[in-house]
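Right, one structure below, let's go through it.
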Amino acid sequence: MRSFLTAGLLWSLVSGCTARGAEARAGTRDTIPGTPAGRFCRIDRPVDGDTFYCVGGEKVRLIGMDSPELNQGALGQRSKAALSAMIPPGTEVRLERDVSRHDRYGRTLAYVWRDSVLINELMVREGWAVQYTVPPDVRHVDRFRAAERLARQEKAGLWREGGFVCTPSEHRKGHC
């Protein structure tokens with residue numbers, strides 16, 4: 001993770017993104033080449049491994065992935081800690097939408113970008129979440145499937161200890 005943080009800092013310095021002004025407050029700064037446009041959010045606090053609050057109270061659910069529930073004990077806590085390490089409070093992220101704006105709980109649905117890193121994909125790739133697709137929000141599904149395949153092969157994160165024997169969705173249904 002250190003490499004993407006260093007690259008992001010270097011990019012910010014080279015591109016002059018440290019001077020933010022009115023453009024930043026409006027969420028309209030130029031985006032990093034090769035990444036999609038979106039609006040910005042400053043992280044307030046994580047809820048769990050796939051949901052967080054922005055400063056101002058907006059609740060955001062990461063699209064395309066699912067992390068263990070907090071009531072799954074240490075698994076849920078470790079996933080939440082991983083998300084918090086990737087996007088700690090105070091971090092500015094860019095929210096990319098897909099087809100659906102909100103889920104049935106009123107949370108904003110988004111792909112979350114920190115610099116040029118897709119956090120949703122990184123959570124899956126590092127083994128803290130599983131790929132979880134709910135159509136019609138399928139823009140990055142191939143990336144998430146590939147990330148999960150690699151995480152399983154390498155026994156990354158929770159795959160190392162059988163943490164996904166009961167997937168979060170199966171746990172919510174009371175099947176395990």
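Brief remarks on what is shown
- Candidate set from region 159-176 (those that are out of contact with any Ser or Thr (no Cβ under 7 Å at 6 or more places or on another chain) and surrounded by 14 or more Cβ atoms within 10 Å (Cβ to Cβ)); member that is nearest to Arg125 (Cα to Cα): Trp159
- When Val130 is tested against (1) touching a strand residue (DSSP E or B) at 6+ places or on another chain (Cβ under 8 Å); (2) under 25 Å from Phe164 (Cβ atoms); (3) surrounded by fewer than 17 Cβ atoms within 10 Å (Cβ to Cβ), just one condition goes unmet, and that condition is (3).
- Contact annotation: no residue pair with Cβ atoms under 7 Å, 6 or more positions apart or on different chains, pairs a residue in region 163-176 that is at pLDDT 80 or above with a partner that is open to solvent by less than 20 Å² (accessible area, probe 1.4 Å) and of a type in the set (Lys, Arg).
- Qualifying positions in region 81-91 - under 28 Å from Pro136 (Cβ atoms) and either assigned to a loop (DSSP other than H, G, I, E, B) or open to solvent by 30 Å² or more (accessible area, probe 1.4 Å) (or both): Ile87
- First in region 122-139 and part of a loop (DSSP other than H, G, I, E, B), second anywhere and hydroxyl-bearing (Ser, Thr, Tyr), Cβ under 7 Å, 6 or more apart: Trp128/Ser67; Trp128/Ser79; Ala129/Ser67; Ala129/Ser79; Tyr132/Ser169; Pro136/Ser100
The values are calculated or read from the model by the stated rules, or taken from the named source; none is laboratory data. Just so you know, these numbers come straight off a predicted model, no measurement behind them. We place every Cβ from the backbone using ideal geometry, glycine too, and count neighbours over all the protein chains shown. Only protein heavy atoms, including side chains, enter the accessible area calculation; ligands, DNA and RNA are left aside. Shrake-Rupley method; radii C 1.70, N 1.55, O 1.52, S 1.80 Å.
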